[in-house]
There are 2 protein chains.
Amino acid sequence: MASHTVENYLKALFALANKAGEVGISDLSDHLAVSKPSVNSMAKALQQDGFLKYEKYKPLKLTSKGKKVAALVVRKHRLTEMFLVEQMGFGWDEVHDIAEQVEHVKAPAFFDRMDELVGFPTVDPHGSPIPDAHGNVLEIDCVKLSECAVGEKVSLVGLSQSSKSLLSFLDSHGIALGHTFGILVVEPFDGSMTVEHQGAEARTFSLKVCERLLVRKEA
Amino acid sequence: MASHTVENYLKALFALANKAGEVGISDLSDHLAVSKPSVNSMAKALQQDGFLKYEKYKPLKLTSKGKKVAALVVRKHRLTEMFLVEQMGFGWDEVHDIAEQVEHVKAPAFFDRMDELVGFPTVDPHGSPIPDAHGNVLEIDCVKLSECAVGEKVSLVGLSQSSKSLLSFLDSHGIALGHTFGILVVEPFDGSMTVEHQGAEARTFSLKVCERLLVRKEA
DNA sequence: GTCAATTGTTAGAATACACTAACAATGTAG
DNA sequence: CTACATTGTTAGTGTATTCTAACAATTGAC
């Protein structure tokens, strides 16, 4: 059984992986708030256990074993978030930190029961996909709002790097998953966008916000 | 913040304490399945942190600080058990192991919410009292069934050392908290007792069972 | 009261995880 | 292509927690 620490390393590796599935030691070090030498020695240990491939001076890459373990931790995290919101009445901005701890519980029945009680969801409260019990992740086809052009109609399907402050921002503006936006203006100077929200009020969002909103283009 | 390990030591100390609040190193060692030298050195560390009083060759004794931390862990454990049974549909024999892990989560809001959702209970599914948010435990006045005499009427209020096997035993015999018993026979030879259950069928229980059933004498 | 069993202690070492300081390799700007 | 910045590595340590082997203190039986 992987320790909490190992689970956190694998989860971070999984989250930070680029298209090629590779992650630099410094990235991990920053993300986990752990020194580079610590990451370096942990990388060697994880390689010993077959969780990743490590070669001196090369980026790290999860093996399929490592990916599976990571995905299962992510599954527990996201099911927990879902459960906290749906069954326990927490706000979507409150659940991350709790889930961060609950995800390490070793009790499949506990999570299976949550899954059942929230109706076998495929995405969590932030729109991120929930891996299945085998560790397979269903990719959702979406792009950042910031990559869309004037005139397009899109709907919000998820967030990238959701943080408490982003979530409160969205809450305070009455924005939730599933809402639709029509792009009215893209400001070339700073990348900020003016959009109509739910077919009604026009709002302007900074590039920073638009980069974190994952949307699906409407037909 | 106390580590999982420290929390487990304090919880065990709390559970094993005799009337005088004292616990021997060997007891702890057995209970935690850890060697005596390990307990010994942990005892010194816990004393440094003010969780207990330790003197060479004397039994350990929790300080009030230690007792409070322990009680709060027990609180989280028992609220979790309650929540698992009442809100998630688990059986009372399935919840201990899950709660054993969930109790270490550091998120007061999580447990407060459980408390609310299960209606601020004062005892857990096994009849053990749930300490309040300040770590105070309400003592319930009960005795072991094995200490009762022929002719007494009692009701089941709790279990001491409930284990999965005891719980399945009780389940399979249709016995639950609150049930009443009238003591018909106490066998002097082996301490087994014959009782009427819920005013109906007579049953015989071994001493081993009777020592684990905590009952309140009826008026 | 002495002896043996029980209980507790010391010493020494191992594992998991983290750190800092110092150095080496890589990559990029000019 | 060199020079500096970035990135990664090594070496040496520290803390938390565990262990075994060996020994010491306490206690209970007679």
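Computed values, structure above
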| read-out | value |
| --- | --- |
| For residues of A:87-100, the mean tally of beta carbons on other chains within 10 Å | 3 |
| Highest to lowest packing among A:115-126, B:189-200, scored as the average C-beta count within 10 Å | A:115-126, B:189-200 |
| Alpha-carbon radius of gyration plus Dmax, which is the widest Cα pair, for region B:4-62 in Å | 9.9, 26 |
| Surface share of carbon and sulfur [accessible, 1.4 angstrom probe, percent] for the protein assembly as shown | 53 |
| Estimated 222 nm signal from helices in chain B, with DSSP H stretches of n ≥ 4 weighted -39500 (n - 2.57), rounded to 500 | -12000 deg cm²/dmol |
| Fraction of alpha-carbon pairs over 22 Å apart in region A:83-219 - percent | 43 |
| Two-site FRET efficiency, B:E211 against B:S165, from Cβ-Cβ distance with R₀ of 22 Å, rounded to 0.05 | 0.95 |
| FRET efficiency estimate (nearest 0.05) - Cβ-Cβ, B:H179 to A:K58, R0 60 angstrom | 0.35 |
| Dipole moment magnitude, nearest 20 debye, chain B about Cα centre, only Lys, Arg, Asp, Glu C-beta charged | 980 |
| Test item: Cα-centred dipole of the protein assembly as shown, Lys/Arg +1 and Asp/Glu -1 on Cβ, debye | 1640 |
| 9 Å beta-carbon shell around B:A17, net charge (K/R +1, D/E -1) | +2 |
| Pseudo-label separations to other copies for A:D171 - Cα-to-Cβ vector, 7 Å, nm | 3.9 |
| Accessible area expressed per residue, region A:156-219, with surrounding protein chains retained (probe 1.4 Å, Å²) | 52 |
| DSSP-assigned coil residues among trypsin sites (Lys or Arg not before Pro) in region B:7-44, each with at most 10 further Cβ atoms within 10 Å | B:K19 |
| For region B:143-217, the fraction of alpha-carbon pairs in successive 5 Å shells from zero, as % | 3, 18, 31, 30, 14, 3, 0 |
| Label 7 Å beyond Cα on the Cβ vector: A:P188 copy-to-copy distances, nm | 10.6 |
| Total formal charge among the other residues, if their Cβ is under 11 angstrom from that of A:V186, Lys/Arg +1 and Asp/Glu -1 | -4 |
| Reachable aspartates and glutamates, given that their alpha-carbon falls under 20 Å from the alpha-carbon of A:K44 and they are not under 8 places away in the same chain | A:E7, A:E22, A:D27, A:D30, A:E55 |
| Set of region B:179-219 residues, backbone N closer than 18 Å to the point 7 Å along the Cα-Cβ line of B:A149 | B:182-189, B:191-195, B:215-219 |
| Gyration tensor (Cα) of the protein assembly as shown, equivalent ellipsoid semi-axes in angstrom | 51, 28, 19 |
| Estimated distance in nm for a label pair at A:E116 and A:Q48, the labels positioned 7 Å out from Cα along Cα-to-Cβ | 4.0 |
| Averaged over A:107-113, number of beta-carbon atoms from partner chains that fall within 10 Å | 5 |
| Peptides ranked, highest mean first, by Cβ atoms within 10 Å: ranges B:164-170, B:207-213, B:55-61 | B:207-213, B:164-170, B:55-61 |
| Buried area at the A-B interface (accessible, heavy atoms, 1.4 Å probe, summed, Å²) | 1400 |
| FRET E, pair B:N40, B:E86, Förster distance 56 Å, beta-carbon r, rounded to 0.05 | 0.85 |
| Formal net charge of residues neighbouring B:M82 (Cβ-Cβ distance under 9 Å; K, R +1; D, E -1) | -3 |
| Max mean-square fluctuation residue, GNM over chain A, Cα-Cα springs under 10 Å, options A:S128, A:S160, A:S172 | A:S172 |
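The values are calculated or read from the model by the stated rules, or taken from the named source; none is laboratory data. Quantities reported herein were computed from a predicted structural model and do not represent experimental measurements. No Cβ is skipped: glycine too gets one built from the backbone with ideal geometry, and neighbour counts run over all protein chains shown. Surface areas here come from the heavy atoms of the whole protein model, side chains and all, with no ligands, DNA or RNA. Shrake-Rupley method; radii C 1.70, N 1.55, O 1.52, S 1.80 Å.
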